[in-house]
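The values are calculated or read from the model by the stated rules, or taken from the named source; none is laboratory data. Just so we're clear, the structure is a prediction, and the values are computed from it rather than from any experiment. Cβ placement follows ideal geometry from the backbone for every residue including glycine, while neighbour counts extend to all protein chains displayed.
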Amino acid sequence: MLNLSKIKQQLPPGLEDNAVEFYVSENEIKCLHKGVPYFWGDFPEWIITKIEEDMLLNPDAVKALVSWDITKRDDMMRQYIICRFGGFDGNADISDNGSIEHVEYFECGRRGNCSYEGKLCASIKVGNEHLTKQEINVIKKIATGKSNKIIADELCISEETVNTHNQNIQRKLGVSSKLEIIPWAVRRNIVEPQS
């Protein structure tokens with residue numbers, strides 16, 4: 001008889017707990033909570049209230065929405081959720097205890113070309129620091145196996161600057177090599193796993 005108590009697996013947030021995981025699938029915003037997938041428009045009211053409270057704590061994001069000419073409450077909330085929580089990343093967007101963590105990187109298709117990038121979307125927080133946009137670019141290049149020289153050429157920066165970014169990334173992530181950056185980036189949806 002198999003001892004099931006020894007089986008350890010990580011379940012997605014919201015599958016069997018009070019956490020909430022937002023995600024975009026088939027052009028729809030959804031969330032998973034207590035094992036139930038909800039579509040935008042049918043989210044439990046407490047989740048809507050929690051997002052609205054979070055928006056009020058992030059006035060720069062709200063200003064970015066207004067600059068984008070998104071001014072109706074539901075439209076603002078919908079875009080806020082997409083930009084800040086759109087990826088299914090295995091980390092709760094609203095934790096079991098009701099707190100919101102902004103640690104998600106969602107490749108929405110506008111990254112690098114969106115004038116609201118960094119204002120509306122969440123930057124990636126690691127410990128008490130954030131990864132910069134350029135550090136994320138370097139991480140993406142590292143994950144493709146490119147040398148520092150090629151990364152420097154492609155990003156139009158010096159090789160010395162790439163080395164500095166590598167050191168800063170490793171320090172922020174608490175890893176000791178470029179190789180260890182890759183699994184972290186895959187888990188955070190910064191790069192896609194190879195199939």
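Residues in the stretch 68-76: is at least one of a type outside the set (Phe, Trp, Tyr) and closer than 17 Å to ALA185 by Cα? No, the stretch 68-76 has no match at all.
The residue that is surrounded by the fewest Cβ atoms within 10 Å (Cβ to Cβ), among those in the stretch 78-107 that are modelled with pLDDT of 90 or more and either of a type in the set (Phe, Trp, Tyr) or farther than 18 Å from LEU32 by Cβ (or both), is GLN79. A residue that is at pLDDT 90 or above and among the acidic types (Asp, Glu) cannot be found anywhere in the stretch 115-128.
For the stretch 157-175, what are the residues that are in a helix (DSSP H, G or I) and surrounded by 15 or more Cβ atoms within 10 Å (Cβ to Cβ)?
Selection gives THR161, VAL162, HIS165, ASN166, ASN168, ILE169, GLN170, LYS172, LEU173.
Residues in the stretch 176-195 that are of a type outside the set (S, T, N, Q) and either assigned to a helix (DSSP H, G or I) or modelled with pLDDT of 85 or more (or both): LYS178, LEU179, GLU180, ILE181, ILE182, PRO183, TRP184, ALA185, VAL186, ARG187.
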